[in-house]
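Each remark here refers to the structure printed beneath this line.
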């Protein structure tokens, strides 16, 4: 049995539950909505990721004897609250943007319909997963778009929390990355893992040549040899000498990559290694990738900037109560009043408005009703959980595969300005229909 | 049994292992060092965190049948490599800066002494944990220093990966935070957890007064009431009406907090609630906390900016081979040559040079030898693992408690400029002694 996810929850979710159980309001039917008031500064779109992981985590959201014992030990929670939690299985409905979908400010990314009690206690877990994974996917998308047809390799595990690393690899592949260095992500989500050697491997040996020979002996000539430990030109010559014309690739991890890739290509060609690729790494982000577009590069290895969201390490998604029953069982739209944190009350429905060529022109969000679409418009909310039952194809390796396909289709539908890395407005407006 | 951490590892660590096993160099005694070439831009010190978590993760770094089966399925690893991994238990020595200690550029934060094979495969896990946790602790330190004697409450779980959230709470408490909202961090590390209610709880009820009554009924008058769902002044009046003079605190989560805290204090006092505190939240960072120093605030709740490292979501720590045996069993210092990524070869020793008043004046790092200290100097490297055996008091709740104490002592020793939030140089220089 996988570990429980139930305590990955803010203390106040459970004190709210307790107070609402006491007042009786806990059982009111409620609608919570996840949305972002804005994209990170200057971004033109965001990418939803984490949905599949969230559904997996929801399955494991149970308060077993150890979780209950911990809560009891705090001396805060009464018997009614602990009894509720002991029996808790989410039994409501969840709708959401399918994973891989582009999103915009005020897109209703996830909608949770259940009693207040059931929806309230999911808040922290829902936001943790969606905020993190969407931040990574949104950054990854800019990188893979900048890379065009050249593959991007995710190698940022060492720059983020060891479990966030697994989720980051998954989110990166959804947003177009070809592979990851992270073995756990490979196991958990069926991702392709890659990697060859670091500088320490060369330094371990008595010479660069000895290191290259050792690597080729076990990984074959098709491997990538890291050539910048000592002198790049000599490194390339040694690599070709050791591996021959079948050398898979060289890797450059320092210096001016544009210039180096240029003369490395010429040198490789002059040595008869026209088919040997050039992999570049070294603090790449979407701007560095774009700057390398005209350089003869085969693949990009991206680490730090990917797993830190390239300047936006979290999305600013929030989880708000937007509608609930009153004591007469009638639905009431609700929203708080703070001027600096505007929320729009009411159950939302969303579609992407498409023109006759299939290009998106607006995110249409109906407040309290389904917006009227024409035949080109595409509904965005899919049902992810029905009466507590999770839609299976959204999870695991299959979920990632589908999300990566969906990502490609969703971006292909956006106005071409989505490819711009310069700061600007979202490529389509969000239109709220009352 | 806790889950294995062994696959939280980059693919290339294991292909390097395989190639080094093939060449025979895998068994050479080696020294790897963790250090940061620089602090985040403008920071004056960093704080080491993650050490205790790393030691726990090291205990669980084993390749069980499932991990081996996954590696076999990749078709990359040979029998010798899989055999090595199947039997793997780290058997070397690890020295490091104790958790909670301040660090500077080129401080030798962790030193791993073992065969190349054993040290190589730990790289990803070591860096993931130290880079993440130190980034959070380093940001948290600036916040708690700015807050002075007022408590900081960690509430950022929803803005980061759900497991990173637990580690972030732990790192925050090491760096002076008083409590966290994260229940799992509370369970795992004995941290105090706190929290009361969100806007959704008020919106759930038919009136703010009904919500406050429900909360006070179950949490007592000493609770914190969130007063900015509708109108702050009315919210405060209602809170006092419901909870009386014993109301623990009000919470403000929007608007101009400096101004609001001022008149909220006057209003509370005028209503006879002199002892009621004012907790502020809403995108606080160290600068906002400093700006609130003269406002009548009781406690700060910090979320997003804490868990994202306040602009520096990762430390830039690297794990480099600095020395190894040659074929004659003699030690050789090693370092790569890239001009833009300088490393200094050789086993390091470190002490903090203190003046006669006990104030730090330099980080002295001996390269290949112990620097000569005088009686005031304080050695910085402690042994964390001896022949594979982990020093127990560095882990678990006890590890956090000791690290938090050490953090206070370590900062008290720094030149007073460490309290400045403006950009500047590290408060002490790092002196490398050849």
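The values are calculated or read from the model by the stated rules, or taken from the named source; none is laboratory data. Because the structure is predicted, anything quoted here is derived from the model rather than measured. Ideal geometry is used to build each Cβ from the backbone, glycine not excepted, and the neighbour counts take in all protein chains shown.
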Quick check: is even one residue across the stretch A:364-375 closer than 26 Å to residue A:9 by Cβ and not in a loop (DSSP other than H, G, I, E, B)? no
Taking the stated definitions as given, is residue B:384 assigned to a loop (DSSP other than H, G, I, E, B), away from every other protein chain (no Cβ under 14 Å) and under 21 Å from the mean Cα position of the chain (by Cα)? no
From the list B:69, B:80, which one is in contact with a helix residue (DSSP H, G or I) (Cβ under 8 Å, 6 or more places away or on another chain), outside the structural domain of residue B:294 (by TED's automatic domain parsing) and surrounded by fewer than 22 Cβ atoms within 10 Å (Cβ to Cβ)? B:80
Return the pair list, or none, for Cβ contacts closer than 8 Å from residues in the stretch A:43-68 that are within 12 Å of another protein chain (Cβ to nearest Cβ) and within 12 Å of residue A:89 (Cα to Cα) to residues that are surrounded by fewer than 21 Cβ atoms within 10 Å (Cβ to Cβ) and at pLDDT below 95, at least 6 apart or on different chains. A:60/A:2; A:60/A:3
Would you mind stating whether residue B:333 is over 30 Å from residue A:199 (Cα atoms) and out of contact with any helix residue (DSSP H, G or I) (no Cβ under 9 Å at 6 or more places or on another chain)? no
For the stretch B:134-144, indicate whether the set of residues that are farther than 30 Å from residue B:12 by Cα, assigned to a helix (DSSP H, G or I) and within 11 Å of chain A (Cβ to nearest Cβ) is non-empty. no
Could you list, in sequence order, all residues of the stretch B:410-434 that are in a helix (DSSP H, G or I) and free of Cβ contacts under 8 Å to residues at least 60 places away in the same chain? B:412, B:416
Residue in the stretch B:144-161 that is under 22 Å from residue B:61 (Cβ atoms) and surrounded by 24 or more Cβ atoms within 10 Å (Cβ to Cβ) present: yes
Filter the stretch B:218-231 down to the residues that are within 9 Å of chain A (Cβ to nearest Cβ) and outside any loop (DSSP other than H, G, I, E, B) and list them by number. B:218, B:219
Residue B:272: modelled with pLDDT under 95, surrounded by fewer than 20 Cβ atoms within 10 Å (Cβ to Cβ) and over 29 Å from residue A:254 (Cβ atoms), yes or no? no
Taking residue B:118, is it assigned by TED's automatic domain parsing to the domain that holds residue B:25 and buried (at least 24 other Cβ atoms within 10 Å of the Cβ)? no
Answer with yes or no whether residue A:236 is assigned to a helix (DSSP H, G or I), crowded, with 20+ Cβ neighbours inside 10 Å and either within 14 Å of chain B (Cβ to nearest Cβ) or in contact with a strand residue (DSSP E or B) (Cβ under 7 Å, 6 or more places away or on another chain) (or both). yes
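This table checks each residue for (1) at negative phi; (2) without any contact (Cβ under 8 Å) to a residue 40 or more places away in the chain.
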| site | (1), (2) |
| --- | --- |
| A:73 | yes, yes |
| A:86 | yes, yes |
| A:91 | yes, no |
| A:94 | yes, no |
| A:100 | no, no |
| A:103 | yes, no |
| A:113 | yes, no |
| A:118 | yes, yes |
Among A:107, A:128, the single one that is assigned by TED's automatic domain parsing to the domain that holds residue A:365, in a loop (DSSP other than H, G, I, E, B) and under 17 Å from the mean Cα position of the chain (by Cα) is A:107
Across the stretch B:257-291, the tally of residues that are within 30 Å of the chain's Cα centre (by Cα) and either outside any helix (DSSP H, G or I) or closer than 20 Å to residue B:211 by Cβ (or both) stands at 9
Of the residues that make up the stretch B:308-326, is at least one facing another protein chain (nearest Cβ under 10 Å), touching a residue at least 60 places away in the same chain (Cβ under 8 Å), crowded, with 18+ Cβ neighbours inside 10 Å and in a helix (DSSP H, G or I)? yes
Which pairs turn up if I take residues in the stretch B:141-161 that are without any contact (Cβ under 8 Å) to a residue 24 or more places away in the chain and look for partners that are in a loop (DSSP other than H, G, I, E, B) with beta carbon separation below 9 Å, at least 6 apart in sequence or on another chain? B:161/A:160; B:161/A:161
So residue A:340 passes all but one of these: (1) within 14 Å of chain B (Cβ to nearest Cβ); (2) part of a strand (DSSP E or B). Which condition number does it fail? (2)
